1. Between Thr17 and Gln149, what is 0.36 nm times their sequence separation minus the Cα-Cα distance? Round to one decimal in nm.
2. According to a simple spin-label model (label point 7 Å from Cα along Cα-to-Cβ), what is the distance in nm between Ala105 and Gln252?
3. Placing unit charges on C-beta atoms (Lys and Arg positive, Asp and Glu negative, everything else neutral), compute the dipole magnitude of region 193-306 about its Cα centre in debye, rounded to 20.
4. Using only alpha carbon positions, build the gyration tensor of the chain, then give the equivalent ellipsoid semi-axes as the square roots of 5 times its eigenvalues, largest first, whole angstrom.
5. Going highest first, how would you order 144-151, 259-266 by mean Cβ packing within 10 Å?
6. Mind checking which of Thr197, Ser113, Ala95 is farthest towards the positive end of the chain's charge dipole, using Cβ charges of +1 (Lys, Arg) and -1 (Asp, Glu) about the Cα centre?
7. Report, ordered by chain and residue number, the lysines lying within cross-link reach of Lys278, taken as a straight Cα distance under 30 Å and ignoring same-chain residues fewer than 8 apart.
8. Given a cut-off of under 8 Å on Cα pairs at least six residues apart, what relative contact order in percent is computed for the chain?
Amino acid sequence: MRLCVIHTGGTIGSAMTPLGFAPKAGIVEETLAQLAESGAVTAAYDLVVADPLLDSSQATVADWNWIVAAIAARHDAYDGFVVTHGTDSMGYAAAAVTLALEGLAKPVILTGSMVPLRVAGSDGADNLVAAMAAAETAEPGVWLQFAGQLLPGSRIQKVHSVAHAAFASDGQAVTPRVVGADLRHHVFQRQSLAIVTLSPGLEPPMLTDQCRRADGVILRCFGSGNVPGTAEFRAFLDDLAGRAVPLVAISQCAAGGVVIGTYSASAVLAEVGAINGKDMTLEAAYAKLMLGLSRFAGDDLRQYMETAQAGEIAV
């Protein structure tokens with residue numbers, strides 16, 4: 001059993017600087033060596049380290065592509081993978097890696113920490129040990145090992161800003177893996193995506209301005225897919241449709257998703273051809289639309305977005 005550890009940065013390997021915590025080389029490497037020496041980590045492993053190390057609040061699709069390519073290039077040489085990553089955008093990265101690695105035949109375990117390894121009370125060492133163990137035993141797919149939980153990468157969200165148990169999923173039993181006969185890794189092209197969260201009294205002209213240069217829009221609807229019924233909001237939707245900008249409707253709720261047509265207040269979404277995001281999380285919808293626009297257009301994009309690829313849709 002041999003694992004590949006891909007260290008991208010994040011809190012787990014950060015040290016204090018005059019401006020606050022920032023990723024520092026050598027911390028994760030040293031801790032892994034100590035854990036192996038103590039017997040807490042038993043599998044042999046090799047390290048791949050990003051240069052420069054990344055604060056995940058600064059992550060871009062280029063960083064997703066780097067992680068995906070690093071796994072794909074070593075897929076056949078290792079029994080499993082562990083990816084250390086910052087928690088701020090962990091949900092987006094997990095969904096992106098899940099969707100981009102078609103035909104993945106090995107477990108890929110993302111992990112990190114809420115407290116740096118060299119700070120008292122750190123959860124980093126425990127998460128590393130658990131992630132290394134999960135990489136030996138988990139089913140093929142992309143998972144998050146964090147605070148004693150193994151969660152599907154296609155459905156996770158960060159739900160707490162400071163607690164060790166910072167991540168959750170909605171409990172759906174899914175396999176976070178795109179089925180394929182052979183490994184293919186897909187590349188994210190940079191797209192300009194707008195995220196619109198509805199709130200009472202929101203002015204639609206502001207939304208039109210926000211989405212003027214968008215290649216795609218994710219609309220976080222009320223409840224099961226309800227939106228304002230005003231002429232101004234309809235004009236905003238018609239503007240997107242007239243410019244052929246894909247609109248993906250998801251729910252602001254943590255579980256349940258959208259069911260377009262349940263209430264009359266959602267009928268306009270069907271009328272303007274919105275893509276039904278069903279029960280995708282924001283993170284999964286964002287990564288999927290980014291990848292979908294990189295690969296498809298028109299009806300092919302709609303079919304891709306509305307069809308479950310890796311458990312990101314479970315209804």
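1. Between Thr17 and Gln149, full extension yields an extra 44.4 nm.
2. 4.6
3. Working: 9 positive and 12 negative charges, 35 e Å.
It works out to roughly 160 debye.
4. For the chain, the ellipsoid semi-axes come out as 37, 20, 17 Å.
5. Packing proxy ranking, top to bottom: 144-151, 259-266.
6. So the residue furthest toward the plus end is Thr197.
7. Straight-line reach from Lys278, under 30 Å: Lys106, Lys158, Lys288.
8. On the way: 691 pairs, mean separation 51.4, N = 315.
Relative contact order comes out at 16 percent.
A short reminder: the numbers here are calculations on the coordinates, not readings from a lab. The structure presented is a predicted model; accordingly, all values stated were derived computationally and were not measured. Using ideal geometry, Cβ is built from the backbone for each residue, glycine included, and neighbour counts are taken over all protein chains shown.
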